[in-house]
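Colleague: Following this message is one structure expressed as structure tokens.
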Amino acid sequence: MAEVVFWEMPGCGGDARQKARLRAAGHVVVERDLLGEPWNVASLLAFLDPLPVAAWFNRAAPRIKAGEVVPEAMTREAALAALIAEPLLIRRPLMRVGEERRVGFDEAAVDAWIGLGLGGMPVGEGCPKEEEPHPPCPPPPPITG
């Protein structure tokens, strides 16, 4: 059993399913608001650094889906600035166990890292709205600054 610090978008159905899966495996989940966290370059890179820039982004973010933000075309510096300015763009969840940090919810990788146990519904990443009836997620906060 591990204590998993879990940065999420409060109210997100996909994040709720991921937390439920962790809890069902016996882990303690400490919830944090991804959108309210005061991110900076160092705090984000602690999670993102081992990944290619394009893998840092939440593909379900409205501005990415609309083509306004194209992660593959961004430099590392531009991507960090965008993620800090608009945390809704950050791929989630961000998870920390001890000093080790992870991005996203690849079930096989999470199972190898901290264990998910046998059984349970696969949850994966992304929004479950297309898969099953789901109440609407809360709207993202307005962009300021």
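Colleague: Quick one: 3J(HN,Hα) in Hz for the range 45-51, Karplus 6.51/-1.76/1.60 with θ = phi - 60°, rounded, Gly and Pro as x.
Modeller: 4, 4, 8, 8, 3, x, 9
Colleague: At q = 0.10, 0.18, 0.21 Å⁻¹, what base-10 log of I(q)/I(0) does the Debye formula yield for the range 3-130 when every alpha carbon is treated as an equal point scatterer in vacuo?
Modeller: Ignoring solvent entirely, the Cα scatterers give -0.30, -0.98, -1.30.
Colleague: Between Leu51 and Ile64, what is the spin-label point distance in nm, taking each point 7 Å from the Cα along the Cα→C-beta axis?
Modeller: Roughly 0.8 nm, to one decimal.
Colleague: Shifting gears a bit: Among Leu51, Leu44, which comes first, then next, by fewest other beta-carbon atoms within 10 Å?
Modeller: Leu51, Leu44
Colleague: Quick one: Karplus J couplings for the range 20-30, per residue in order, coefficients 6.51, -1.76, 1.60, θ = phi - 60°, nearest Hz, x for Gly and Pro?
Modeller: Each residue's phi maps through the Karplus curve to give 4, 5, 4, 5, 4, 7, x, 7, 8, 10, 9 Hz.
Every number here is computed from the coordinates shown, using simple stated rules; none is lab data. Since we're looking at a predicted model, the values are computed, not measured. Cβ coordinates were reconstructed from backbone atoms using ideal geometry, including for glycine residues, and neighbour counts include every protein chain displayed.
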